[in-house]
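So the structure is just underneath, and the comments pick up after that.
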Amino acid sequence: MINTYLQYGVPSCIANDLSEKGVPVTTFRTTSANNLESKYGIDPRIIQIVKPLITRQPIDEAVVTTLLERSNFTCCCCKGVKSNSYIIHHIEEYSESQDNSYSNLVVLCPACHDLAHRGPGLTNVLTTEQILRNKENWDKQVEKQNAEAAARSGKINDADYLNIPRIAELSNSLIDQLPQTSLSDVLLIKDILSSYGQHIDEKGLGVGLSDGGHSIRVQHHFLRVFQSLLHRLNFVNLDDLLNKGSLSRPDFIGTFCFYIGGLIGKGITWPYTPGNLMSRLYLRRKGFYCEWLIDPKYITSSTSSDRLSGRSVFLVYGRIKSVGKKTLNNKKHIAIDIRPYAIGTPTATINRTPNIAYIKAAEYMLDYDGEEDSNETSAASIIVSP
Ligand SMILES: [Zn+2]
Ligand SMILES: [Zn+2]
């Protein structure tokens with residue numbers, strides 16, 4: 001019922017109130033002001049606000065949902081500082097435009113909404129340009145926060161890579177033994193785990209991880225183990241570490257970090273044989289070169305191998321091993337070596353695109369700084385869905 005009111009641009013606090021009173025929009029519309037007041041105890045000022053709004057064409061429900069989710073139910077101008085109530089506001093006024101599309105709508109709090117409706121010439125006016133800029137910036141900030149929250153709580157689709165010994169070691173260092181999962185018993189019976197996993201029989205892992213039922217159980221078990229450890233550790237977004245200030249921190253080496261975004265994979269061979277060499281995932285951005293070494297033994301499937309061989313969007317959990325220097329195409333880079341625990345597809349991504357031009361968009365999406373080894377395809381040739 002709340003959403004129905006929101007579709008008409010009714011402020012959320014009023015929508016809440018009316019829904020608590022059990023007055024649906026249809027009743028509100030067909031009931032006289034006098035009866036709304038006497039029968040339902042609705043304040044005449046509220047009646048005055050709501051009556052004209054519900055004569056409009058309602059905003060599509062899906063548009064309302066998207067708007068609210070993308071803004072985290074929060075005013076994009078003050079970010080919820082002035083009020084946690086919100087209104088869906090038409091950037092070009094409804095009376096002029098009747099435009100209920102996503103691009104013409106924005107989530108504002110009542111205070112900022114007042115500023116948006118002040119006529120030009122008055123002080124403290126929120127201009128259309130300011131509102132549009134705030135909306136775009138806030139959408140991205142919310143998207144980043146949501147993706148970070150998902151990463152910190154271990155939400156990952158399909159692990160492409162799981163370094164099981166490293167996960168076991170981490171677990172041992174934190175809680176003395178591997179946490180039990182619903183698969184522990186099966187793995188114990190099969191002798192793949194011993195005594196609730198203090199040791200892992202390497203033979204039990206098979207050659208590579210993707211060759212059979214045991215391996216899939218092993219993967220699921222260790223992914224769950226890793227997820228259960230996340231809340232014990234402070235995983236930092238790598239985006240927030242790629243700056244001089246972070247580098248100078250004494251505890252930089254050893255920092256647990258996750259990265260969400262495009263990476264380039266190189267040197268994968270499949271299927272695994274003991275002679276296979278290490279491959280890597282990397283990114284180059286603003287003078288930094290970050291690299292995650294991939295032990296081919298722990299790639300989870302041939303599909304994963306394909307994904308890890310090219311450019312894809314990943315969620316990577318790792319720990320900073322070392323920092324050095326690297327010259328690439330005559331350009332000096334700060335090289336960060338990160339040892340990965342788990343790599344997979346993120347459930348939520350971060351849009352780093354500053355809306356400029358199409359080709360720029362492709363570069364940013366892939367965290368590609370425009371120069372590459374000669375055998376790489378150019379970023380401009382990559383198809384990016386709009
Ligand atoms: Zn506000
Ligand atoms: Zn408005």
Flagged in region 97-143 as open to solvent by less than 30 Å² (accessible area, probe 1.4 Å), within 15 Å of ligand 1 (Cβ to nearest atom) and in contact with a Ser or Thr (Cβ under 7 Å, 6 or more places away or on another chain), in numbering order, are 107, 109, 138, 142
Looking at region 271-310, which of its residues are closer than 22 Å to residue 327 by Cα, over 23 Å from the mean Cα position of the chain (by Cα) and open to solvent by 40 Å² or more (accessible area, probe 1.4 Å)? 278, 280, 293
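Which ranges mark the helices (runs of 4 or more DSSP H) fully within region 89-206 that have 3 or more residues being modelled with pLDDT under 85 and within 16 Å of ligand 2 (Cβ to nearest atom)? Talk me through it step by step, then tell me what you get.
Values: elements: 94-97, 110-117, 128-152, 164-175, 184-189.
It comes to none.
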Would you please list the contacts, defined by Cβ atoms under 8 Å and residues six or more apart or on different chains, that run from a residue in region 50-76 that is farther than 12 Å from residue 88 by Cβ to a residue that is acidic (Asp, Glu) and in a loop (DSSP other than H, G, I, E, B)? none
Where residues in region 55-71 are buried (at least 19 other Cβ atoms within 10 Å of the Cβ) and not in a helix (DSSP H, G or I), which of them is nearest to ligand 1 (Cβ to nearest atom)? 71
Could you tell me whether residue 52 is assigned by TED's automatic domain parsing to the domain that holds residue 116, open to solvent by less than 40 Å² (accessible area, probe 1.4 Å) and within 30 Å of residue 133 (Cα to Cα)? no
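Hey, among 268, 260, which residue is assigned to a strand (DSSP E or B) and either surrounded by 17 or more Cβ atoms within 10 Å (Cβ to Cβ) or over 26 Å from the mean Cα position of the chain (by Cα) (or both)? Outline the logic, then answer.
Working: 268 fails: assigned to a strand (DSSP E or B).
None of the other options fit; the residue is 260.
Quick one: is residue 317 closer than 30 Å to residue 140 by Cβ and in contact (Cβ under 8 Å) with a residue 12 or more places away in the chain? Explain how you work it out, then say what you get.
Working: closer than 30 Å to residue 140 by Cβ: yes; in contact (Cβ under 8 Å) with a residue 12 or more places away in the chain: yes.
For residue 317, the condition - closer than 30 Å to residue 140 by Cβ and in contact (Cβ under 8 Å) with a residue 12 or more places away in the chain - is met.
Between 254, 318, which is touching a Lys or Arg at 6+ places or on another chain (Cβ under 7 Å), assigned to a strand (DSSP E or B) and either closer than 28 Å to residue 227 by Cβ or assigned by TED's automatic domain parsing to the domain that holds residue 139 (or both)?
Values: 254 fails: assigned to a strand (DSSP E or B).
Only one candidate passes the filter, namely 318.
Residue 61: farther than 20 Å from residue 134 by Cβ and either away from ligand 2 (no atom under 15 Å from the Cβ) or not assigned by TED's automatic domain parsing to the domain that holds residue 131 (or both), yes or no?
yes
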Consider region 80-96. How many of its residues are within 16 Å of ligand 1 (Cβ to nearest atom), within 23 Å of residue 3 (Cβ to Cβ) and out of contact with any helix residue (DSSP H, G or I) (no Cβ under 7 Å at 6 or more places or on another chain)? 2
Taking the conditions exactly as written (free of Cβ contacts under 8 Å to residues at least 60 places away in the same chain and more than 34 Å from the chain's Cα centre (by Cα)), does residue 19 satisfy them or not? no
Contact list, first residue from region 78-94 and open to solvent by less than 80 Å² (accessible area, probe 1.4 Å), second anywhere and near ligand 1 (Cβ under 7 Å from one of its atoms) and in a strand (DSSP E or B), beta-carbon distance below 7 Å, six or more apart or interchain, is 86/108; 87/108; 89/108
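Can you name the residue in region 32-54 that is aliphatic (A, V, I, L, M) and assigned to a helix (DSSP H, G or I) and is also farthest from residue 145 (Cα to Cα) among such residues?
Taking region 32-54 first, the residues aliphatic (A, V, I, L, M) are 33, 36, 42, 46-47, 49-50, 53-54.
So of that shortlist, the ones also assigned to a helix (DSSP H, G or I) come out as 33, 36, 46-47, 49-50, 53.
Details: 33: 43, 36: 42, 46: 35, 47: 37, 49: 34, 50: 34, 53: 33 Å.
Within region 32-54, the match that is farthest from residue 145 (Cα to Cα) is 33.
The values are calculated or read from the model by the stated rules, or taken from the named source; none is laboratory data. The structure presented is a predicted model; accordingly, all values stated were derived computationally and were not measured. FYI the Cβ positions are ideal-geometry reconstructions off the backbone, even for glycines, and counts take in every protein chain you see. In case anyone asks, the SASA skips ligands and DNA or RNA and just uses the protein heavy atoms, side chains included. Shrake-Rupley method; radii C 1.70, N 1.55, O 1.52, S 1.80 Å.
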